[in-house]
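See structure below.
The values are calculated or read from the model by the stated rules, or taken from the named source; none is laboratory data. Fair warning: this is a prediction, and the values are worked out from it, not measured in the lab. A quick note on method: Cβ atoms are made from the backbone with ideal geometry, for glycine too, and the neighbour counts reach across all protein chains shown. The protein model used for the area step is the full one, side chains on, heavy atoms only, and it has no ligands, DNA or RNA in it. Shrake-Rupley method; radii C 1.70, N 1.55, O 1.52, S 1.80 Å.
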Amino acid sequence: MSEHDSPIRIGPEQHQVKQCCATMYESDLARFLLGDSFHPGGLQLTAQLGRMLSLNPASRVLDVACGKGTTAVFLAKEFGCEVVGIDYGEQNVEIARSFARTEHLESRVQFDRSDAESLSFSDTSFDAVICECAFCTFPDKARAATEFFRVLRRGGQVGISDLTRQDALPEELNGLLAWIACIGDAQTIEGYSAFLQGAGFSLSGIQDRNGALVEMTNQICLKLLGAEIMTGLKKLQFPGLDLGTAKRMANSAMTAVKQGHLGYALICAKKPD
């Protein structure tokens, strides 16, 4: 355990959501469906978010919900910055640490287990906070935004990339599985902005990236079809997965994307100087 690791104490319902999310994104299924970069647009959008945050070799960056460390390692390589990645999943943290060692980046990239709604860092510890395709899964988004504000230095920026929604969605896109898949509690762009502004931030940039979501949703639908075929041939096994439910949810998501009910956006905001 590092100096930043701390016990995570939350209520049972919040723990269920967070633990389910962590378990899902640690699974072989997540890697099969999403590849190494678990968000629309992959590292190309990560680089764009880094540019919007004006990252440079002097920056100290917090990567919230870092997963297996792909974004943190990429940012360190691309911008030369120091990165601390945190994730709720213990397995993810161990894999990310191993990845950093493999890339010989232990001096600039560190990983710890922590809760986005109760960050284990001192005030004004970072120049930038990045959170990709995860903010919408946090049960208490206002508290998470407040924590981002607290750990940022004056003039620091937060950048989130996340799923956006416009209208009421079909029932199958509102359950726990949909929440874990970043759909169930997605917000409008105005909703995300309100959480950030409520924490004290001022908006500094918004970009619509719906095309990246269309591409990823197509990829997931095709891979689920392939998984169904391979499972039927006994050549692939995902214990506990209801492929029928997963396919229905993916198809409903694709319909919502095509109808403009679901989208994807990059949102940056600044802590006052």
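Odds and ends about this structure:
- Looking only at residues of the range 159-174 that are open to solvent by 30 Å² or more (accessible area, probe 1.4 Å) and in a loop (DSSP other than H, G, I, E, B), we find that the one that is modelled with the highest pLDDT is Gln166.
- Where strands (runs of 3 or more DSSP E) sit wholly within the range 72-158, those with at least 1 residues that are more than 26 Å from Tyr264 (Cβ to Cβ) and open to solvent by 20 Å² or more (accessible area, probe 1.4 Å) occupy 82-87, 109-113.
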